[in-house]
């Protein structure tokens, strides 16, 4: 599409959508949201960019092949699920690491739940973009 208004507005909208998708990803394990909805929102930004500028430019803006993104995400999610085996807990039991914890200060909590959400985010975003880019290149 050769619309100057759409291509100009898309740059701002994509940035907003990507920031919002990261926000939804990070709040997901405590409140509604998470990797799935965050991945859908992030993919929507790149789909909009592909509509405005073409698939070739959208792939260049993504900088990573969407299939690779999905494979890496699947690996991250699998590692997060299997991490509980190190502590003899059932599969996909959340494990927490508190960085800088001392006394009353709990420190920075990192969890396998967040790691799993990041994996799901990458799988959903990579899968949707693989499908959409393939369909758009056929047209």
Using the count of nearby Cβ atoms within 10 Å as a rough guide to exposure, how do 118, 51, 139, 5 rank from fewest to most?
139, 5, 51, 118
Computed [θ] at 222 nm, deg cm²/dmol, the chain (DSSP H ≥ 4; -39,500 (n - 2.57); rounded to nearest 500)
-23500 deg cm²/dmol
If you rank 89, 104, 117 by fewest surrounding Cβ atoms within 10 Å, what's the result?
104, 89, 117
Stokes-Einstein D (µm²/s) once Rh is taken as the Kirkwood radius of the chain over alpha-carbon pairs, at 20 °C in 1.002 mPa s:
131
If a/c stays under 1.5 just call it rounded; otherwise compare a/b with b/c (prolate if a/b is bigger, oblate if not). Do that for the range 1-83, with a ≥ b ≥ c from the square roots of the Cα gyration tensor eigenvalues.
oblate
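If Rh is defined by the Kirkwood formula over all Cα pairs and Rg also comes from Cα, what ratio Rg/Rh do you get for the range 38-92? Please list the in-between numbers first.
Numbers: Rg = 16.2 Å, Rh = 13.2 Å.
Computed over Cα atoms, the ratio is 1.22.
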Just 28, 103, 73 to compare: in a GNM of the chain, with alpha carbon springs under 10 Å, which one fluctuates most?
103
For the range 56-135, state what percent of all Cα-Cα pairs lands in each successive 5 Å bin, counting from 0 Å until the bin that includes the largest distance.
3, 16, 18, 16, 14, 12, 9, 7, 4, 1, 0, 0
Name the most mobile residue of 88, 77, 43, meaning the one with the largest mean-square fluctuation, in a Gaussian network model of the chain with Cα contacts below 10 Å.
88
Given the options 44, 112, 93, state which has the largest fluctuation in a GNM of the chain using a 10 Å cut-off (strictly under) for Cα springs.
93
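Coordinate-derived values only; no laboratory data. Bear in mind the structure is a predicted one, so any value in this text is a computation, not a measurement. Neighbour counts run over all protein chains shown; Cβ positions are idealised from the backbone, glycine included.
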